[in-house]
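Participant: The structure follows.
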Amino acid sequence: MNYTLTIAILAGTTREQRQSIKAAQFVAEIGRKQEGVEILLVDPKDFTFNGDGNDPEGKDPRYTDITARADAFFVIVPEYNHSFPGSLKRMLDSELENYNHKPVAIAGASSGNWGGVRAVESLVPVMREMGLVVTSVSPYFPRVQDLFTEDGSIKEEYKQQYESNVSRAFEELLWMAKTLKWGRENSK
C-alpha cells in the first residue's frame, strides 16, 4: 500500500513572542525529508476564527480545506500556565468532521525544563474527543528559546538529538496515517 500522505503541521499559538514556531518549522523540515509526504505548515496567525465552536460562522474555509486534505496532523503546542493556548483550542474546535479517524502527533515546547509535558497531557483528551487518534511518541522542546538561532535554525549541538526525536514521532505518525487512511477508504 503506497500512499502520498498529506501531513498538516499545526503551530500552536498566535502569541507575538512565540518561540514554538521555530520548533514547528523544524518539525516541518524533518517532515519534508520523509518519502511520499506532503507537508503543510499551518500558522494560526494566517486564519480567522470568529465566535466559538464548530458553527459555520466559526470556520475559516482555508483551514477547513487543509483539515479535509490532511491524512494526519502534527501539533506543536507551547505550554502556557500548565496547559495549551486558547488560540490552538479555538482553531481545533472549528473543525470536527475532518478529524475523525485521523492520527495526530503532539510535540511540546516550553521556556522551562519540562518541554511542554503538561500542555501535551492536557491536550490528549481534547484530541480524543475530536475523533483524532493520538500517537504515543511525543518529542519535547524544553528551553525552546535556547535550542534555535535567531533565524530559526536549530543549533548544531542539538541537531542530531532533535532530528532523531522528531523522526521517531514521524515514523509512528506515518504508520498510523497509512493504516487509518486505508481503514477510512475501505470500511465504507
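Participant: Quick one: putting +1 on the C-beta of Lys and Arg, -1 on the C-beta of Asp and Glu, what dipole do you get for the chain around its Cα centre, in Debye to the nearest 20?
Facilitator: So the magnitude is around 300 debye.
Participant: Post the alpha-carbon centroid distance, the stretch 2-63 to the stretch 157-174, in whole angstrom.
Facilitator: Using only Cα atoms, the two centres lie 18 Å from each other.
Participant: Let me ask you something else. Based on the alpha-carbon gyration tensor of the stretch 45-130 and its eigenvalue square roots a ≥ b ≥ c, which shape applies: rounded if a/c is under 1.5, prolate if not and a/b is larger than b/c, or oblate?
Facilitator: It is prolate, given that a/c is not under 1.5 and a/b is the larger ratio.
Participant: Can you give the FRET efficiency to the nearest 0.05 for SER164 and SER122, using r as the Cβ-Cβ distance and R₀ = 30 Å?
Facilitator: 0.70
Participant: Positive end of the dipole of the chain, charges at C-beta (+1 Lys, Arg; -1 Asp, Glu), about the Cα centre: which of SER111, VAL134, TYR80 has its Cα farthest in that direction?
Facilitator: VAL134
Participant: Near the amide H of SER153, under 5 Å away, which other amide H atoms are found, from residues 5 or more places off or on another chain, if H is placed in the peptide plane?
Facilitator: none
Participant: Go through GLN25, HIS101, ILE66 and say which Cα lies farthest out towards the positive end of the charge dipole of the chain; charges sit on Cβ, +1 for Lys and Arg, -1 for Asp and Glu.
Facilitator: HIS101
Participant: Follow-up. Roughly how many debye, to the nearest 20, is the charge dipole of the stretch 84-188 about its Cα centre, given +1 on each Lys and Arg Cβ, -1 on each Asp and Glu Cβ, and no other charges?
Facilitator: 400
Participant: Given 37 °C and 0.692 mPa s, compute D for the chain with the Stokes-Einstein relation, Rh being the Kirkwood radius over Cα pairs; round to the nearest whole µm²/s.
Facilitator: 199
Participant: If R₀ is 41 angstrom, what is the calculated FRET efficiency for the pair GLU35 and ASN81, using the beta carbon separation as r and rounding to 0.05?
Facilitator: Approximately 0.55, to the nearest 0.05.
Participant: Here is a follow-up. Taking a ≥ b ≥ c as the square roots of the Cα gyration tensor eigenvalues, with a/c under 1.5 meaning rounded and otherwise prolate when a/b beats b/c, else oblate, which class fits the stretch 112-164?
Facilitator: Prolate.
Where a number appears in this text, it was derived from the coordinates with a stated rule and is not lab data. Only a predicted model underlies this, so the values are computations on that prediction, with no experimental measurement involved. As a convention, Cβ positions derive from the backbone with ideal geometry for all residues, glycine included, and neighbour counts pool all protein chains shown.
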